[in-house]
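J.: I am attaching a structure below and will ask some questions about it afterwards.
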Amino acid sequence: MEKETKVGMNRTGMQMAPIQGPSQVEYAQTRPPHPVEGNEEAIALLRASYIETAPRVGSVPVPATGKGIAETAVGKLTGKNPEVLFDKLGERAAYERSGVRLYQAMIGRVEVMAFAEQTALLADLIHIRDEEYEHFTMLSEIVAQLGGDPTAQTPCADISAVSSLGMIQVLTDPRTTLAQCLQALLSVELTDNACWELLIELAQEAGHEDLVPQFQKALAAEQEHETMIKQWLRKAVMEEAT
Ligand SMILES: [Fe+2]
């Protein structure tokens, strides 16, 4: 792989300005933010007042409409609080769908690079992207079977999309290196793994044992993704370092 980590004129460190540096520290010490009423406690108190009164981010949609369909849905949904399972199914579907986009961005990036292992890396990326897509369609079908609307965005789906905004930025920034993108993808895969584990537990708890084999298959695929990305990241970083 090509060496992408460059040494250059980086002026962000204070040591670049030995005279002005200490004056910057002195300035920060003598002029704390909001000198009249600002301190950590006041910030925490203000945030607490918002937390106490804020509504939640969205809601879990009621399964379909109409009495008949609703009854069917209720019959299919077991467990005390089925909305939790619905919320998490929605989150997983959204995350897997985003995963497809992320891997597609990575594939596009690798396609325009020239290095010895390009074909092998592309094959792994395409394999992972296709499995993320399979997971998304599987989850969408399960939501529909349970009487839900797979096109609805659940609260956890919303929040997981917000959490992964940084990954999208890293993958689509033309300046980022292969190793930096692989690092972002490793975060995605680690989250994928942990979330499938949780979803399996949740399905069991909710009495949906029938869903567990499919979820375990997905978890096995995610474990392979994690291994693949970790190996590629290691290779990229070690090659740059040696
Ligand atoms: Fe994955």
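J.: I'd like the residue in segment 168-194 that is small (Gly, Ala, Ser) and within 15 Å of the ligand (Cβ to nearest atom) and, out of all such residues, is nearest to the chain's Cα centre (by Cα). So that I can check it myself, show each step before the final result.
T.: The initial filter retains those residues of segment 168-194 that are small (Gly, Ala, Ser), namely 179, 184, 187, 194.
Filter once more, keeping what is within 15 Å of the ligand (Cβ to nearest atom): 184, 187, 194.
Details: 184: 9, 187: 7, 194: 11 Å.
The qualifying residue nearest to the chain's Cα centre (by Cα) is 187.
J.: Report whether or not residue 89 is under 24 Å from residue 220 (Cβ atoms), more than 14 Å from the ligand (Cβ to nearest atom) and aliphatic (A, V, I, L, M).
T.: Numbers: under 24 Å from residue 220 (Cβ atoms): yes; more than 14 Å from the ligand (Cβ to nearest atom): yes; aliphatic (A, V, I, L, M): yes.
Against the criterion (under 24 Å from residue 220 (Cβ atoms), more than 14 Å from the ligand (Cβ to nearest atom) and aliphatic (A, V, I, L, M)), residue 89 qualifies.
J.: Return the only residue of 120, 42, 73, 114 being closer than 30 Å to residue 226 by Cβ and modelled with pLDDT under 90.
T.: Numbers: 120 fails: modelled with pLDDT under 90; 42 fails: closer than 30 Å to residue 226 by Cβ; 73 fails: closer than 30 Å to residue 226 by Cβ.
Sole residue among the options that is closer than 30 Å to residue 226 by Cβ and modelled with pLDDT under 90: 114.
J.: Next question. I'm checking my understanding of the structure. Among residues of segment 133-163 that are buried (at least 17 other Cβ atoms within 10 Å of the Cβ) and under 18 Å from residue 107 (Cβ atoms), which one is farthest from the ligand (Cβ to nearest atom)?
T.: The residue in question is 136.
J.: Among the residues of segment 184-199, how many are of a type in the set (Gly, Ala, Ser) and under 21 Å from residue 120 (Cα atoms)?
T.: The initial filter retains those residues of segment 184-199 that are of a type in the set (Gly, Ala, Ser), namely 184, 187, 194.
Next, only the ones that are under 21 Å from residue 120 (Cα atoms) stay: 184.
Total meeting the criteria: 1.
J.: Within segment 105-126, does at least one residue satisfy the condition of being among the polar types (S, T, N, Q), closer than 19 Å to residue 179 by Cα, surrounded by fewer than 14 Cβ atoms within 10 Å (Cβ to Cβ) and more than 11 Å from the ligand (Cβ to nearest atom)? Can you show your working first?
T.: Here is the first cut: in segment 105-126, the residues among the polar types (S, T, N, Q) are 118-119.
Applying the additional criterion that residues be closer than 19 Å to residue 179 by Cα yields 118-119.
Now narrow it down to the ones that are surrounded by fewer than 14 Cβ atoms within 10 Å (Cβ to Cβ): 119.
Right, trim to more than 11 Å from the ligand (Cβ to nearest atom) and you get 119.
Yes, segment 105-126 contains at least one residue that is among the polar types (S, T, N, Q), closer than 19 Å to residue 179 by Cα, surrounded by fewer than 14 Cβ atoms within 10 Å (Cβ to Cβ) and more than 11 Å from the ligand (Cβ to nearest atom).
J.: What single numbered condition from (1) surrounded by fewer than 17 Cβ atoms within 10 Å (Cβ to Cβ); (2) touching a residue at least 12 places away in the same chain (Cβ under 8 Å); (3) acidic (Asp, Glu) fails to hold for residue 189?
T.: Failing condition for residue 189: (1).
J.: Here's another thing I want to ask about it. Please work out which residue is farthest from the ligand (Cβ to nearest atom), limiting yourself to segment 195-228 and to residues that are among the small types (Gly, Ala, Ser) and within 20 Å of residue 130 (Cα to Cα). Steps first, answer last, please.
T.: To start, the set of residues in segment 195-228 that are among the small types (Gly, Ala, Ser) comprises 203, 206-207, 218, 220-221.
Okay, now just the ones that are also within 20 Å of residue 130 (Cα to Cα), so 218, 220-221.
Details: 218: 9, 220: 11, 221: 7 Å.
Only one residue fits best here, namely 220.
Per-residue answers, yes or no, for (1) farther than 27 Å from residue 120 by Cβ; (2) aliphatic (A, V, I, L, M); (3) without any contact (Cβ under 8 Å) to a residue 40 or more places away in the chain; (4) in contact with an Asp or Glu (Cβ under 8 Å, 6 or more places away or on another chain):
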residue: 152; (1), (2), (3), (4): yes, yes, no, no
residue: 161; (1), (2), (3), (4): yes, yes, no, no
residue: 201; (1), (2), (3), (4): yes, no, yes, no
residue: 213; (1), (2), (3), (4): yes, no, yes, no
residue: 229; (1), (2), (3), (4): no, yes, no, yes
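J.: If you don't mind, another one. With respect to the numbered conditions (1) surrounded by fewer than 16 Cβ atoms within 10 Å (Cβ to Cβ); (2) over 30 Å from residue 234 (Cβ atoms); (3) at pLDDT 95 or above; (4) hydrophobic (A, V, I, L, M, F, W, C), which one is the sole condition not fulfilled by residue 198?
T.: Status for residue 198: all satisfied but (2).
J.: Anything in segment 127-144 that is modelled with pLDDT of 95 or more and touching a Phe, Trp or Tyr at 6+ places or on another chain (Cβ under 8 Å)? List them, or say none.
T.: Correct list: 128, 129, 132.
The values are calculated or read from the model by the stated rules, or taken from the named source; none is laboratory data. Computed from a predicted structure; not experimentally measured. As a convention, Cβ positions derive from the backbone with ideal geometry for all residues, glycine included, and neighbour counts pool all protein chains shown.
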